[in-house]
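**Student:** Got a structure for you, written out below as structure tokens; questions coming shortly.
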Amino acid sequence: MAHQTLELIQGILYGNGLRVGRLSPTGRVFATLMGQHGDTVPFMGPQIHDHAMTVARVPARKYYWEAELLVNVQIAVERWYGFDTYTIIPDAYNFEVEALGAKFIYSDNAMPTVDTNEPLIKEPGDLDKIGPLDPSKGRIPMAVEVARLSCEKASGPFAMGFFCSPFSLLCQAMGYPKAVRALRRERAFAQELFEWAENQAIFPFLKAQSEQPGVKQSSGADAWAAFPNLTPEMVDEWVVPSAMRLRERGKKELGLTVMAGLAAADYCEEDPAKFDKQIMFKCWAIARKLFIMDVALSAMGRTQDWPMEWLQEFAVANGKGRRKLPVYASLNGRFMRDSTPEQIVDKIRQWIDILGRDGRLLFFIANVPADTPPAHIHTAVHAVHTLGRYPIAGDLSTIEIAPPVFQPFDEWLKGQPEADVIFKAREAGAAPRTFTG
Amino acid sequence: MPEEKYQAIVDAIVQGEDEEAPRLIQQALEAGLPPLDVLQQGVVAGILKTGDLWAANEYFLPDVILAAEAFKAAMKPLEPHLKESQARQYGKKFVIGVVEGDVHDLGKGLVAAMLSSAGFEVIDLGINVPPDRFIGAVKEHQPAIVGLGAYMTTTMLQMKGVIAELERQGLRHKVKVMVGGAPTSQEFADEVGADAWGKDALDAMHKALLLIGA
């Protein structure tokens, strides 16, 4: 802990002009978030569970069931790539509804997936029959162990537990069309649904996490509440108050920092011709209410086609003092998979030019697709750390980014702390998993 | 006045009134309006107007979902009359399904609704469809197009297997292949050898019509 505290202090001092010593990756992030900038632009660990499983070549039926394997795989793969923080998340949308008895499909190559064709909630009366969640059921014990291990092994302010946020949980429990219909047409029922999700499904899960040593915070993904799945107005009306209720209850009753609604109002319009500055600004404004840190946030959207000047304008307009909001610039997962390394470098060069010159820029990838070539990720991390070195070069086009040289994962893994767990998992294969809650 | 009845159906679809829409269809049929006109000037006009509002950034996914639900509800009383009158506009079949291991059917449902409104006979294989069911459906129905959907970056890789099996069985040249779903892209469609990629339901419908030369 002392080490982390020193990193934090050094990061804050460095970011505020006292540039002494060599920054750790964590210090680099603190310098960016709490000061102007660090030594270079940081690259945050992305959501990477499917991709990490593919890189580590471990069977899905073990990986998504065994906390130690999942945590070790994600830590190893993220360290291999050289990200500045770890993000450790399994299939975060599934655990609560699975434990409550929803029907799931399990496969050899992919994460478990809920079958909303046979939904857990078919009619209002079902709410009285389902729950409260029993933390000994389904994969909840594994999820709680993931939270504990994440906080133990990854440590620091970015280590946390996870849960599925209320609106996304409702989509998992009854299907998106019925959930959105309730919000639009059956307001009293929608209120009951949110109360059920918060108190019967999520809170017992949070309580189980809070009882683990070291787990001080938990974040709830909410991609189903991204735009245009929900309008910014719907997120403001339903998702934000729900997140605030969970935050308040978590703090008061569990001493846990609860961040629900992450990725809600994330601007995910796919058609560049429909990009709308006014709606984007609304979405970013709502995301600020939900994120525990005050940032200008991009995540899963088709960011490769965004006019990034808009995000910069938003960050500057909403900054405090003379500093803009920190900007999370997220490279789209499909862009990372489908582009050439040269295209990826060009995009990073463009974004650093627009967003990075005045500091407060962090790179991110919302969800790395399973089959993304590892060379693309290595290239991106290398490019961000090279082009993002402060002071930013006047003409970034003069900086050549050579293809990074990296050891193949298996070679690199030998001798790493995670090697035994990963190699053994490959040898052991996986027994069929068939339970449904 | 028929125009008023058609406009009421259009409004019900656009507003996503899934109880009102089938009631209005029933009334129109009982009033003796031709089923094909009810389909084209009421139901299809409604879903196309919804698509226009979506394209103009005036409608968002919740609105489209409610409209699609109203469309599906409206089609229930209309379908038997359409079958009787052999009313399908193009007479082309479209086999659609979500690949094995994947059970996300939201996008697939929207695409099926749009294709249906555009005059395709849609054979919906549902979700979690293994390759041999796609192959069997292509042999049985001889569709103009087969559409493969996936929602996860892991399951979308199944599409390669389905297309390879179509090749292996000598069926590939007889059918166009479209792919779609959140993790897919034009680049991915090119990589797996699909004929088209549907970015969203409206785009899928337009591309399907292009593929059959309509």
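**Student:** Quick one: net charge around residue A:322, please, counting Lys, Arg +1 and Asp, Glu -1 for every other residue with C-beta under 13 Å from its C-beta.
**Tutor:** +3
**Student:** Select from A:197, A:52, A:402 the residue whose mean-square fluctuation is largest in a Gaussian network model of chain A (Cα-Cα springs shorter than 10 Å).
**Tutor:** Comparing A:197, A:52, A:402 in the GNM, the peak value goes to A:402.
**Student:** Let me ask another. Using a 10 Å cut-off on Cβ atoms, rank the peptides A:127-135, B:196-204 from the highest mean neighbour count down.
**Tutor:** B:196-204, A:127-135
**Student:** Short version: ³J(HN,Hα) in whole Hz for each residue of the range A:7-23, in order, from phi by Karplus 6.51 cos²θ - 1.76 cosθ + 1.60 (θ = phi - 60°), x for Gly and Pro, what are they?
**Tutor:** 4, 4, 5, 4, x, 5, 4, 4, x, 9, x, 8, 8, 10, x, 9, 6
**Student:** Using only Cα atoms, what Kirkwood radius does chain B have, in angstroms?
**Tutor:** Averaging 1/r across every pair of different Cα atoms and inverting gives 17.5 Å.
**Student:** Over all residues in A:309-318, what is the mean tally of Cβ atoms on other chains that come within 10 Å of each residue's Cβ?
**Tutor:** 0
**Student:** Through the Karplus equation 6.51 cos²θ - 1.76 cosθ + 1.60, θ set to phi - 60°, convert the phi angles of the range B:186-202 into ³J(HN,Hα) values in whole Hz; use x for Gly and Pro.
**Tutor:** Running phi through 6.51 cos²θ - 1.76 cosθ + 1.60 with θ = phi - 60° gives 4, 4, 5, 4, 5, 4, 8, x, 7, 7, 7, 10, x, 5, 8, 4, 5 Hz.
**Student:** Quick one: how many lysine pairs does the range B:93-211 have with C-alpha atoms less than 17 Å apart and a gap of 8 or more or different chains? Give me the count, please.
**Tutor:** Counting lysine pairs in the range B:93-211 gives 13.
**Student:** Farthest toward the dipole's positive end in chain A, which of A:265, A:125, A:325, given Cβ charges of +1 (Lys, Arg) and -1 (Asp, Glu) about the Cα centre?
**Tutor:** Projecting each Cα onto the dipole axis, the largest value belongs to A:325.
**Student:** Another question about this same structure. Which residue fluctuates the most in chain A, going by a Gaussian network model with Cα springs under 10 Å, if the choices are A:156, A:394, A:255?
**Tutor:** A:394
**Student:** In a GNM of chain B with a 10 Å cut-off on Cα contacts, which of B:76, B:176, B:92 has the highest mean-square fluctuation?
**Tutor:** With Cα springs under 10 Å in chain B, the top fluctuation among B:76, B:176, B:92 is at B:76.
**Student:** Peptide B:149-157: average number of partner chain Cβ atoms within 10 Å per residue?
**Tutor:** 6
**Student:** Further, regarding this structure: Which value, in Å to one decimal place, does the Kirkwood hydrodynamic radius take for the range A:156-311 when every pair of different Cα atoms is included?
**Tutor:** Computed over Cα pairs of the range A:156-311, the Kirkwood hydrodynamic radius comes out at 16.0 Å.
**Student:** Considering amide H positions built from the backbone, and no H for Pro or chain starts, which residues 5 or more places from residue A:162, or on another chain, come under 5 Å of its amide H?
**Tutor:** A:219
**Student:** Per-residue mean of other chain beta-carbon atoms within 10 angstrom of the beta-carbon, peptide B:52-61?
**Tutor:** 4
**Student:** Moving to a separate point now. So how many Lys-Lys pairs in the range A:57-265 land under 22 Å Cα to Cα, not counting same-chain pairs under 8 apart?
**Tutor:** Lysine pairs, 8 or more places apart or on different chains, close enough: 20.
**Student:** Of all DSSP beta bridges located in chain A, what percent are antiparallel, nearest 5?
**Tutor:** 15
**Student:** Here is a further query. Compute the FRET efficiency between residue A:389 and residue B:23 as 1/(1 + (r/R0)^6), taking r as their Cβ-Cβ distance and R0 = 56 Å, and round to the nearest 0.05.
**Tutor:** Efficiency computed from Cβ-Cβ geometry: 0.25.
**Student:** Compute the separation of the alpha-carbon centres of the range A:154-199 and the range A:358-389 and state it in Å as a whole number.
**Tutor:** Result: 31 Å between the Cα centres.
Computed from the coordinates by the stated procedures, all read-outs in this text should not be read as laboratory data. None of the values given here were measured: they were computed from a predicted structure. Cβ coordinates were reconstructed from backbone atoms using ideal geometry, including for glycine residues, and neighbour counts include every protein chain displayed.
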